[in-house]
Amino acid sequence: MIKMDFRLIFTIGFASFVVIVIGLALIVTYSQEKKRSQSLVDQAKVLGFRPDTKNLVESLHLKETRIGNRQKIYNVFAGTFCGVPAITFDIDISIGNLGPAKGTSHGNTFKSSCIVFKQNAPVFLLQPKSLLSRNAYNDDFSLDGDASFLTDTLAQKIQKKYKIESTGTHVSFVPSGKRIQNINEALENAYSVFKQISPR
């Protein structure tokens, strides 16, 4: 009986410890996300960008915003960069069968950012090459659609740095493996590629 009581106490104690650890992790994550969001707001103000809504992003009908089972679009800012209308936003893409915003053995949530420039350009989808890629252009990426804009110099510049989609009126850039921390730097880097895709 004493042994059973000890096991029960241990189980309750361990479960309480796990709950506390998870709770602290959620609090830290929430605090970091809030701090990052405020930093983006402050940076956007300096650049003359205004906060906007996910409706603006969804109206562009980008493939990136329709991937997975669920998408969360947030931290949306719109303005002008180098004379071109531009939008930046964060997106969480949930793939598989999972709980709210967290991964499980049956699914996961991927966080990324996107920069969009509004200007006419060839229609295409360029993405880093993977084992599932079709229409491989080179060792770095695959390309579906109009490749008339692409030169060897530009291909070398892009490498695996971005997933790039052009709808014909908007060109979007999703940096590989990271979210935007510095809006101005992200815009400058994407624009250096964009201006070779759609010269003014």
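The values are calculated or read from the model by the stated rules, or taken from the named source; none is laboratory data. Treat the numbers as computed from the prediction; the structure is a model and nothing was measured. Virtual Cβ from ideal backbone geometry, glycine too; neighbours counted across all protein chains shown.
If you filter the range 144-194 down to residues that are of a type in the set (Lys, Arg) and free of Cβ contacts under 8 Å to residues at least 40 places away in the same chain, you find that the one that is farthest from residue 114 (Cα to Cα) is 157. Only one entry in 116, 84, 76, 123 is touching a Pro at 6+ places or on another chain (Cβ under 8 Å) and modelled with pLDDT of 95 or more, namely 76. Taking the range 49-61 as the search range and keeping residues that are closer than 23 Å to residue 127 by Cα and surrounded by fewer than 19 Cβ atoms within 10 Å (Cβ to Cβ), which one is farthest from the chain's Cα centre (by Cα)? Only one residue fits best here, namely 59.
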